[in-house]
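Asks: The structure is given below, and queries will be raised subsequently.
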């Protein structure tokens with residue numbers, strides 16, 4: 001049974017690492033498309049570039065908000081455990 005779980009973990013790891021290996025290629029394609037749209041809209045005076053920049057800032061802020069929330073929850077949990085002991 002343990003052998004089976006180890007094999008499953010190994011396969012999941014291999015598949016996950018394979019997907020991560022191809023991630024830069026996929027993201028590079030998206031970056032070039034966004035860059036082309038941003039450059040063309042900036043030259044034409046369209047607000048698309050501003051919206052694109054706002055979207056990038058939004059996507060960049062989400063991980064920090066999640067980490068801060070997780071940190072606060074862990075801090076409160078540990079503080080609660082210390083006061084109960």
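Asks: By count of other Cβ within 10 Å, fewest leading, how are 80, 2 ordered?
Replies: Neighbour counts put them in this order, fewest first: 2, 80.
Asks: What FRET efficiency do you get for residue 74 and residue 4 if R0 is 35 Å and r is their Cβ-Cβ distance, rounded to the nearest 0.05?
Replies: FRET efficiency, residue 74 to residue 4: 0.55.
Here, each number is a calculation from the coordinates, and none is a lab measurement. Fair warning: this is a prediction, and the values are worked out from it, not measured in the lab. Glycine also receives a Cβ, built like all others from the backbone with ideal geometry; neighbour counts cover every protein chain displayed.
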